[in-house]
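Beneath this line is the structure, given in structure tokens, with notes to follow.
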Amino acid sequence: MCNKAPANRRLVQTGAPREKLRLPVRWGLFEHPNVGWVMIDTGYMPAALSAPDRSLGLRIYSVALRAQSHEAGQPEVILARLGLGVADVAMVIVTHFHADHVAGLHSFVNARFVASGAAIAAVQARSYLGNMKRGVFGELVPADFKARMVAIEDLAQAEAAGLQGGDIFGDGTVLAIPLAGHAEGHFGLLFSDQPRPFLYGVDPQWLMAAVTQNAPLGYPARLIFDDYAAGLVSVARLRDFMAQGGDLALCHDPAKMPYDGDA
Ligand SMILES: [Zn+2]
């Protein structure tokens, strides 16, 4: 269910020993009884990142991250196992616009999108270089994205497990929980109907230890943060959520997370 890129532990958690970590890039898949198959982000989808007409910036990004394809974890492979293809995905929830979360958006030709309206507006208003400095590449976002999008800001608000957010399906099962800091409009997903409330927090920090120990984010990972102070507030909310018995998963922590698949 992921690709892995090497990273030095110090990049993501200050005070940690200098060692090579293989950071996964998680993406999610679930079936909603009314809507159908729903993806959470797309992961790297290396085919998209290696397209011959990609921009120079995206080439540099791919090389810098040394994104290595982990075939078994690719969305196409997991979908095929279920007898599905990318065209069967009805919705892609885009937690934020960093390249490792949206690389495969063009493949999901029949999907509606759920995303932060403020985030897509900011991405579309900025120059190519302005986006690149933030780890965002406009070319990865389909031209008709906005026409196919429901903005989380327009969703009815609901509350569960001490958190408030937009009710994505109108049935209270999955809430978009704003977690400011990491990127404009960054949000997590609260699955309130699980035995224990489960929050996929995406990228408030990259390592779970950094959340539980309140470790400051190291450089240079900190530089791409949109709003570091807001990020600390988000992490404190996640710690409260866990203290009250909630399960938390992050996108990039290499340890096994709740609801990880077997890819
Ligand atoms: Zn990110």
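Just so it is clear, none of the values below were taken in a lab; they were calculated from the coordinates. These figures come from a predicted structure and were not determined experimentally. Don't worry about glycine lacking a Cβ; one is built from the backbone with ideal geometry, like all the others, and counts go over all protein chains shown.
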For D53 and A121, compute 0.36 nm times the residue count separating them, minus their Cα-Cα distance, and round to one decimal in nm. 22.0 nm
Gain upon complete extension [A229, R148; 0.36 nm per residue less C-alpha separation]: 25.9 nm
Using Stokes-Einstein with the Kirkwood hydrodynamic radius over Cα pairs, what translational diffusion coefficient do you get for the stretch 127-263 at 20 °C and a viscosity of 1.002 mPa s, in µm²/s rounded to a whole number? 133 µm²/s
Gyration tensor over alpha-carbon atoms, the stretch 73-154, equivalent ellipsoid semi-axes in Å: 24, 15, 10
Working out 0.36 nm times the residue gap between V109 and F30, then minus their Cα-Cα distance, what length gain in nm do you get to one decimal? 26.7 nm
Please list 117-125, 99-107, 24-32 highest first by mean number of surrounding beta-carbon atoms within 10 Å per residue. 99-107, 24-32, 117-125
Output the peptides 143-149, 177-183 sorted from most to least packed, where packing is the average of other Cβ atoms within 10 Å over each peptide's residues. 177-183, 143-149
Over the stretch 2-250, consider all pairs of different Cα atoms and compute the Kirkwood hydrodynamic radius from their mean reciprocal separation; express it in Å, one decimal. 18.4 Å
J(HN,Hα) series, the stretch 108-114, from Karplus relation 6.51 cos²θ - 1.76 cosθ + 1.60, nearest Hz, glycine and proline x: 8, 5, 9, 8, 7, 10, 10
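Quick one: of the DSSP bridges fully inside the stretch 2-250, what percent are antiparallel, nearest 5? List each step's numbers first, then the result.
Details: 27 of 41 bridges.
That works out to approximately 65 percent antiparallel.
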At R0 = 22 Å, FRET efficiency that the Cβ-Cβ distance of Y259 and R222 yields, to 0.05: 0.20
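Counting only helical runs of four or more DSSP H residues, what would the 222 nm mean residue ellipticity of the chain come to if each run contributes -39,500 (n - 2.57) and the total is spread over all its residues?
On the way: 9 runs with 64 residues, N = 263.
About -6000 deg cm²/dmol.
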For R112, what residues show an amide H to amide H distance below 5 Å, using hydrogens built from the backbone and excluding near sequence neighbours? M91, V92
